[in-house]
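See below for the structure under consideration.
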Ligand code: FES
Ligand SMILES: [Fe+2]
């Protein structure tokens with residue numbers, strides 16, 4: 001249980017708040033590159049700041065204040081120019097630093113006034129990596145954008161999914177330090193929801209049977225959970241019934257990458273889940289998934305496909321028969337900001353407690369003028385950052401993965417059939433190899 005004040009300190013992310021200042025020390029994804037190819041501007045809310053991300057005609061990205069300095073019109077409707085973005089209302093143009101570089105009528109009637117030189121809005125650095133566009137809102141000097149292993153791995157197939165959660169970022173992150181929910185929500189909860197819905201309600205009997213079988217694997221009770229702080233965050237470990245500490249789920253574990261990323265999944269699909277705080281009560285959740293399919297003919301992707309996952313079905317019901325759907329239910333129904341002053345923590349929450357302590361410690365470090373953990377200053381170290389993850393691959397896991405697809409958020413991806421096909425190729429290759 002936390003006091004109301006402690007909860008505020010951990011959850012509020014606006015400029016000048018302790019958590020807002022900590023989170024401003026990191027690069028955060030704000031869009032998939034594909035979104036900007038489809039439409040050159042995107043309204044972005046990040047850490048309580050209203051911004052517009054744009055791609056100009058030269059292909060350069062900019063992230064500047066969303067509302068024009070002149071008379072506050074929305075620059076999401078702006079016109080991309082060769083260099084910068086022009087407000088549609090009276091044509092003032094801004095470059096990626098937020099500097100006003102053109103003011104058509106003013107320059108005609110008062111060419112000597114140099115009015116435009118006095119106009120500057122906020123402009124933040126952006127960089128593209130692995131199909132995502134990252135932004136940095138913190139103080140100078142700007143740290144390196146770390147190149148996590150999955151962003152740069154070769155022979156992988158990728159897609160990026162996202163949803164906006166009507167809840168504070170911390171309750172979503174705490175879920176990543178909570179191994180026991182796997183057995184309940186993704187095991188018992190999915191089984192219950194599937195049986196309640198019946199095979200008619202989903203994509204068909206084959207997928208239904210597989211999803212049900214998977215939920216029964218996940219139901220296996222936990223016997224032990226463990227957590228270790230490491231240089232990039234916290235490693236999460238578990239032993240479930242029938243396994244020992246020699247199994248990868250304990251021996252290797254998988255990481256929570258500080259401060260707001262889950263680096264998880266197992267076997268064939270490895271991924272990151274980014275929980276990007278838009279403001280105190282909204283979070284942009286991103287599933288970045290990378291598929292390694294040995295033996296399959298994995299095509300090169302010029303653009304990483306982007307898909308949106310609906311928060312609920314068309315009736316406003318959380319889709320708890322999907323693995324991701326259960327998470328969306330849990331994250332959202334804790335409310336805009338979880339009332340931690342009312343919670344009752346148990347043994348299953350020791351990872352959550354450790355994570356809160358780590359956040360508290362890192363906030364204090366920033367308040368003292370220090371650099372918090374997992375900020376990269378050395379371009380050599382940030383060039384390639386590899387994480388431990390439990391993993392196993394064989395034809396059976398490939399076959400299972402093919403069928404799991406239709407009972408997950410991935411069902412909303414436009415490349416789901418292509419991924420299923422690659423999985424099948426990979427499973428065939430593994431079977432042939434014996
Ligand atoms: S409001 Fe943008 S140029 Fe006038
Ligand atoms: Fe989960």
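Laboratory data are not the source of any read-out in this text; all were calculated from the coordinates shown. A quick note: this is a predicted structure, and the numbers were derived from the prediction, not measured. Neighbour counts are summed over all protein chains in view; Cβ atoms, including those assigned to glycine, are modelled from backbone coordinates with ideal geometry.
Listed values, structure above:
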| item | result |
| --- | --- |
| Approximate shape of the range 93-245 as ellipsoid semi-axes (Cα gyration tensor, √5λ), whole Å, largest first | 50, 23, 15 |
| Dimensionless Rg over Rh [the range 33-135; C-alpha; Kirkwood] | 0.98 |
| Residue 195/residue 57 FRET efficiency (R0 60 Å; Cβ-Cβ; nearest 0.05) | 0.65 |
| The range 295-358 versus the range 52-113: alpha-carbon centroid distance in Å | 37 |
| Förster radius 41 Å - calculated FRET efficiency between residue 109 and residue 50 (Cβ-Cβ, nearest 0.05) | 0.85 |
| Per-peptide average of other Cβ atoms within 10 Å, ordering 361-373, 274-286 highest first | 274-286, 361-373 |
| Exposure proxy ranking, count of Cβ atoms within 10 Å, fewest first, for 157, 376 | 376, 157 |
| Order of 423, 307, 192 - criterion: other Cβ atoms within 10 Å of each residue's Cβ, fewest first | 192, 307, 423 |
| Pair residue 147, residue 364: separation of 7 Å Cα→Cβ label points (nm) | 3.7 |
| Three semi-axes of the equivalent ellipsoid, the chain, Cα gyration tensor, whole Å, largest first | 39, 26, 21 |
| Residues in the range 328-344 that a label on residue 1 would reach, taking backbone N under 12 Å of a point 7 Å out along Cα→Cβ | 340-344 |
| Cβ-Cβ FRET estimate between residue 348 and residue 213, R0 fixed at 25 Å, reported to 0.05 | 0.50 |
| Distance between modelled label sites at residue 382 and residue 357, nm, 7 Å Cα→Cβ extension | 3.0 |
| Residue among 40, 379, 255 with the largest mean-square fluctuation in a Gaussian network model of the chain, springs linking Cα atoms under 10 Å | 379 |
| Distance from the range 231-294 to the range 151-185 (C-alpha centre basis), Å | 7 |
| The chain: relative contact order as a whole-number percent, Cα under 8 Å and 6+ apart | 20 |
| Angle between the chain longest axis and helix 350-367 axis [Cα atoms, degrees, rounded to 10] | 20 |
| Helix 205-218 axis, angle to the chain major axis (alpha carbon atoms, nearest 10°) | 80 |
| Of every Cα-Cα pair in the range 174-272, the percent that sits beyond 19 Å | 50 |
| Ascending count of other beta-carbon atoms within 10 Å, so fewest first, for 272, 412 | 412, 272 |
| Estimated 222 nm signal from helices in the chain, with DSSP H stretches of n ≥ 4 weighted -39500 (n - 2.57), rounded to 500 | -8000 deg cm²/dmol |
| Percent antiparallel among DSSP beta bridges (both partners in the chain, rounded to 5) | 95 |
